[in-house]
Amino acid sequence: MMRWRTVSFTGMVLLFVWLMGLGACSKKAVPVEPGAGPAGEGTAGISGESIPADEAKWRELGLYSEPERIEFQEKAQVFENQDIYFGFDAYVLTEDAKAVLASKAEFLKRYPKVRIHIEGHCDDRGTSEYNLALGEKRAHSAYQYLNNLGIEAQRMTTISYGEERPIAMGQNEEAWARNRRDHFVINY
């Protein structure tokens, strides 16, 4: 009889240890950080609060206050609305174009996290292939000039649209002159 109790007690201890082991291996709930969701929904801030995507964009640019953001938006609008222009069949920068690029370089130095696209455009004279190549040379001229003024190459990209995106319609010198341009787009 004594033997049965010993086996029984030992079996119960083993059963208890085995059950405890199963409990230790069970899945545990993993806490989820606030703001951790699909891209674009926001990010978690330092204190764990969820930050909307727009707010995260401003913080990434280093713009925390409303007056700073308003100033940036005003300057960005001027930046994007000021194109540079080229002569017929040319990609050499004029003195006017250099002055505009110098002001664009100041903007880019003021906001060092801003990236830009430089778009080269042409009038509709010449073949599509020729105009694409000329538009690329025009965009590269502005890119190189800005780089020489101290703007890092990795902050700028170029693309040529050739004659595909005119801003002025017409078959006259005024329309053609407005279409021979580089346009600048801020990439947030």
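The values are calculated or read from the model by the stated rules, or taken from the named source; none is laboratory data. Bear in mind that the values here come from a model prediction, so they are computed numbers and not experimental data. All Cβ positions, glycine included, derive from the backbone under ideal geometry; neighbour counts span all protein chains shown. When the accessible area is computed, the model is the full protein with side chains, heavy atoms only, and any ligands, DNA or RNA have been set aside. Shrake-Rupley method; radii C 1.70, N 1.55, O 1.52, S 1.80 Å.
With respect to the conditions (1) open to solvent by less than 70 Å² (accessible area, probe 1.4 Å); (2) modelled with pLDDT of 95 or more; (3) of a type outside the set (A, V, I, L, M, F, W, C), E106 lacks only one, and its number is (1).
Selection of segment 161-187 for residues being polar (S, T, N, Q) and closer than 19 Å to K104 by Cβ yields only N187. Got at least one residue in segment 140-157 being at pLDDT 95 or above and of a type in the set (D, E, K, R)? Looking through segment 140-157, at least one residue is at pLDDT 95 or above and of a type in the set (D, E, K, R).
How many residues are surrounded by fewer than 13 Cβ atoms within 10 Å (Cβ to Cβ) and closer than 25 Å to W176 by Cα when one looks only at segment 109-132?
3
Given the criteria under 26 Å from the mean Cα position of the chain (by Cα), open to solvent by 80 Å² or more (accessible area, probe 1.4 Å) and over 25 Å from E60 (Cα atoms), does N148 qualify? Yes; evaluated as a whole, the condition is true for this residue.
Report whether or not G135 is out of contact with any helix residue (DSSP H, G or I) (no Cβ under 9 Å at 6 or more places or on another chain), at pLDDT 95 or above and surrounded by 14 or more Cβ atoms within 10 Å (Cβ to Cβ). Outline the logic, then answer.
Values: out of contact with any helix residue (DSSP H, G or I) (no Cβ under 9 Å at 6 or more places or on another chain): yes; at pLDDT 95 or above: yes; surrounded by 14 or more Cβ atoms within 10 Å (Cβ to Cβ): yes.
Yes; evaluated as a whole, the condition is true for this residue.
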